[in-house]
Structure formats: C-alpha cells, structure tokens
Amino acid sequence: MANSTSPLLSKSDSSELEIPDADATHPNSLDELVEWCIRGLDSRQILQAMLVSLAWFFDGQQAYISDFTDAEPTWHCTGTANIRHGTRAPMSATSRTVHGLGMGLLTSGFAFATLADSSLGRKNLLVLSCLIMSLAALATSFSPDVWVYSALRFVSGFGRALIGTCAAVLSTKMVGKNSRGLIGMMGLFINTLGLLSLPAIAYLLRDASWRYLYVATSRPALIYTSVTFFLVRESPKWLFMQGCDKEALVTLNRFAPPTKHSRLKQYLSRLLHEQETTKSGLYSSLKYTLDRRWAAARLLKVMAVGFGTGMMDYGILLGVGNLGFNLYLSVTFNALVILPSYVASYFLIDRWKRKDSVLSFTMLSGSLGIICAIVGSGSLLEIGFELGSFFCTCVAYSVLLIYTIELFPTRVRNSATSMMRQAVVLGVLLDPTLISAGRDMRDSGSDYSL
C-alpha cells in the first residue's frame, strides 16, 4: 500500500508550479503590454534599431557638406572666367547656403513636426524626409547658379529637418526602457560616422567638381530610403493609437520571444476593449502639450537649452576654417572628438542626473570657447581648447536629446523632440553671421567667444 503521506506530485514537478514565471505578468495598459513584449535586447531589435539609425549617417553628411563644397578656393580669377564647373560651389559667401539650409530645417520642423505623432507616423515621415533630402542633394549637383543652389539647399533642409527626431524616437521605441539610452547613443554615433566619411570623400574628390560630392553622398541615401520603406516596422504603440491593431500585433510578434506569442493575443483582446483609438488632427499633439502647463514649461526649458547648444554645436564645426588649420584635418579631429563624447554621455545617463549633466557641460563648453578666443589664432592651444569646447557641447546635446525623449509621453514625444531640435536650428541660423564676422577679424577665435 502506498504511503498516504507521500505527495501526489514529485518535488521536481511541484517546483514548476510554485516558481512564478517572470514573463507571466498581466499588463494593465498598452504601454505595459508593449514593454512586456520588447523587454530586453535581441538580434532582431538591434538590426531594426541599426537600420533606422542609419538615417543619421546620411543626415550627418548633408548637414556639414557645405564645409567642403562652399569652401573658399586657394586660387582666384584674374579675368573673365566661367565658374559653373569649378572645384567649389558658386558661392559668394557660405552664409547664403547655410541660411537656406537652416530656413528649410526651420520651416519643415514647425510645419510638420506633429505629423509623426498624428497621421503619418514615424516610419513614413522618416522615409519621406530621407527621400526629399536625397533628391534635393542629387539635384543640387546640377545647379546652374547660386540662386538655384540656395533654393535646393533650402529643399534639402526642408527634407532632413525631422530625420534625426524620427530616427531617435522610432529606434528607441523598438527596445525596452533599459536599453533606450544605448540605442539613442548608437544613433548619434552613426551620425558621427557620416561626418567622418565626408573628409575622406571630399579628399578623394578634391580635384573634381564640387558637384561630384553631392552625387557621391546622395545616391547611397536613395538606396537606403528604398530599403527602409520595405524593412522597417512602425512603432506598435502608434499603430494601436491609430486603430491599426492587426499591424501592431504583427510587429509585436516579430520582436517578442516565441514563448509570449500565445499570451499576447489574450492580453491584447482584453486591453483593446479599454483603449480608445485616438486618431488625431495635424496639430493635436502640440495642442495637448500647450494645454498642460507642466508639458509647456518642460518644452520651453529644453528649447532654451537646445538653442544655445545648437549655436555652439554647429557653429564650432562650420567655423573650423577660421582657425587657420588644414580644413580636412580640422573636420576630422572634430569628428573624432564626437566619438568619446558619446561614451561619456552613455555613462552619464546611467550614473548622473540628466539636468545636472546638461547644465554642467554647457557651462564648461562656453568657458572653453571664451578661452579659445583669448589664446589667439594659429596656436596649438587654440585648437585644443576648440576641441574641448566641442566635446562638452556634444555631451550636452546627446544627454539633452535622450532627456527630451524621456520627458514627454508617447502621444507628443515626437512633436516635443522636434520642437527642441527647431530651437537648435534657430541657434544654427545665427552661426553664419558669427562665422563671417570672425573671418573679417584678425582674431579668428572671436566667433567662438560669441
């Protein structure tokens, strides 16, 4: 007769019932459901994030291409000459093209910043922005005069205004919260690789027309746009908000582990009854932000910091020609400084408060810029302080971007981040005037002090 005190199940069998499954949670909202599905970081999520973040590469090229296409040549005309096919763009001043690019960025940002949060979505807006930027860059190579050139730079800026924002938000929405800082830094790192590629391409084409530089950078961007359209997935939370439940389920099944697929439908059917579809108008996300005092106050603060950071970030790179060093080496050194700044930003995000990091490094960057002007032109100390100032600016901007993404809810996140970047563009628009003033002064570092 069997021992009546023996358990019905063996010890090994009963342990499977007693140990709770870490994944057997019950999400109470769509935000928790999405986080439950994409928690962690596997190869599919990394590939998706890398593909989306690759848009930063081409954005970085087009952002600083005027450093080489608009550079003042070492030769000068001694008589009547046709400069339509010269080695440099037909510019009387770099400020005209930078203003055209900046105004395009500003116009597009204010007009379409909310499209990603409303009707178009992050993926479609990213594809459209890359397409406009690439076609405008390719068309720029056929510019017959300065006016057409400036107009096409405006169109290029109009297209690329939202690339960085859409890439940053979309790539971080495909990974868990604990991995978003790393993915955000990866996008900025890829942007630096795009900048680093410019001196190499420009050096190889140094004896050719400036037109070839636009062709060499625009064609790969067009190929990338086509690949992104077919391979990149939209943010599942945005799809739920737009009522595209089937497409959202397909996206979640793609990134969620197979062990969660069976429970995903069960949780989703329960939550969809509680979730209202929020198809919104073009500027509804902006209205949502302005109607809430806490959101409006946050937006104004990050825009104020973005204005100063943008003026330093782009101004330093656009003004390297004023320092009297080799242009190719100056841009390369500055691009190389960006790489360790992202490493520093990643550790700061994990170990230090975002607000303290941004304020500390912006103040340090400004101080080094003033010292750069005091040291004077032509010295090694000047380029050293310039690189130090640029390093601090890059750290401040990187942390500010991640900080802004975290400060706002999903329905307005893209719009708020876009508005912060528009403040950056406003700062950029002041740079050509400062750089031109620096060229007219004997002390080439004076524009850095401003």
For S415, indicate whether it is small (G, A, S) and surrounded by 22 or more Cβ atoms within 10 Å (Cβ to Cβ). yes
Residues in region 116-147 that are open to solvent by 60 Å² or more (accessible area, probe 1.4 Å) and of a type in the set (A, V, I, L, M, F, W, C): how many? 5
Please go through region 180-217 and give me each residue that is touching a Ser or Thr at 6+ places or on another chain (Cβ under 9 Å), open to solvent by 20 Å² or more (accessible area, probe 1.4 Å) and part of a helix (DSSP H, G or I), ordered by number. R180, M186, F189, N191, L196, S197, A200, I201, R211, Y212, V215
With the structure loaded, tell me whether T259 is part of a helix (DSSP H, G or I) and buried (at least 20 other Cβ atoms within 10 Å of the Cβ) or whether it fails that test. no
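The values are calculated or read from the model by the stated rules, or taken from the named source; none is laboratory data. Remember, it's a predicted structure, so these values are computed and weren't measured experimentally. Using ideal geometry, Cβ is built from the backbone for each residue, glycine included, and neighbour counts are taken over all protein chains shown. Just so you know, the surface numbers come from the protein's heavy atoms only, side chains and all, with ligands and any DNA or RNA stripped out. Shrake-Rupley method; radii C 1.70, N 1.55, O 1.52, S 1.80 Å.
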